[in-house]
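The values are calculated or read from the model by the stated rules, or taken from the named source; none is laboratory data. Small disclaimer: the values here were computed from a predicted structure and weren't measured. Cβ placement follows ideal geometry from the backbone for every residue including glycine, while neighbour counts extend to all protein chains displayed. Side chains included, ligands, DNA and RNA excluded: accessible areas come from the protein's heavy atoms. Shrake-Rupley method; radii C 1.70, N 1.55, O 1.52, S 1.80 Å.
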Amino acid sequence: AATDNIGISAYDVYMNGLLKTTVTGTTATISGLAPTTTYSFYVIARDTSNNPSPQSNTVSATTLAGAPGSGSCGTEDFTTMPAASNSYALQVWTNNGITYTSTDSRTDETINGRALVIRNGNMTTSSITGGISSLTVTTQLKFSGTSNSLNVLVNDVLVGTIPYSSTVATTTISNINVTGNFVLKIVQPINNNRVAIDDLSWSCAGSLATVN
């Protein structure tokens, strides 16, 4: 924290000599860093008249090897779903420590392998660690209906849509960039369209550097 005769209004945070963010508090978070890479940081305070302070001391930190954001870090192939059933019902299963809950869904269809079919419902995960930067899923409209899109929500915020049709397609939503714990929800918003999903995967959010 800095002091000034007319008051502090903001802090400019520099990484490797470049301005990365400006904050009003005394903590800043920098995302999107590469693994096993050293970064340097310094801070300049500004008062309410926008006068800058001298540059602070420089501190350095190195991100971890295999840091989040370096490829897929979560997958779901639907092999542990409840037994194949053509009845639309609540489906609950656990895989890789994540619990999936899917409403108005059936479990007897396939795409590349077992696939979950959602009619008038959604699939929601339990809380997942590591953040999410992108998501990939394979879809296919089953039986009858019209082409449309699934809604993808992270922590109940819409982050993108996944188009579907009778043709098998794989789609990636990039630049989600939600850090920390998250809950993923895939919603089928069109009544009576029966949409199968398979081969769900996501990459973790980028490494973080926190400077206090």
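Here are the numbers:
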read-out: Strands (runs of 3 or more DSSP E) enclosed by segment 117-212 - at least 2 residues per element that are in contact (Cβ under 8 Å) with a residue 60 or more places away in the chain, over 26 Å from Val13 (Cβ atoms) and more than 15 Å from the chain's Cα centre (by Cα); value: 122-125, 194-203
read-out: Verdict on Val92 being open to solvent by 30 Å² or more (accessible area, probe 1.4 Å) and not acidic (Asp, Glu); value: yes
